[in-house]
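First comes the structure, then the notes that go with it.
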Amino acid sequence: MWDGIGDNSPSASANQLWGLFDSSEDLSWQHRALCAQTDPEAFFPEKGGSTREAKRICAQCEVRELCLEWAIAHDERFGIWGGMSERERRRYHKEQQA
């Protein structure tokens, strides 16, 4: 525990951290995402690195739209989500609001 009292095991800490997230949100789509089955580095390229491979995988993914919606709703600022970079997501979100 963070207060220094009780169980300090990694699983206890993970359970406390998990409680910080909205547990009512359905994230089951993440288990069907193709990116969960591939190298995560493709989805978080170095600045100036290619996003082509990640976007190719996203284009074939059955949960691409759910992923994009989640990234926009949670203001995800890093990586390729739903086939878009952070800049592309911002532009898309602005266009959708107009």
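In region 41-85, the qualifying residues are those that are aromatic (F, W, Y) and in a loop (DSSP other than H, G, I, E, B), and the one that is least open to solvent (accessible area, probe 1.4 Å) is F44. Scanning region 26-40 for residues that are part of a helix (DSSP H, G or I) and in contact (Cβ under 8 Å) with a residue 24 or more places away in the chain gives W29, Q30, R32, L34, C35.
The values are calculated or read from the model by the stated rules, or taken from the named source; none is laboratory data. A quick note: this is a predicted structure, and the numbers were derived from the prediction, not measured. Please note: Cβ atoms are built from the backbone with ideal geometry, for glycine as well, and neighbour counts cover all protein chains shown. Note: accessible area is taken over every heavy atom of the protein model, side chains too, but ligands, DNA and RNA are not part of it. Shrake-Rupley method; radii C 1.70, N 1.55, O 1.52, S 1.80 Å.
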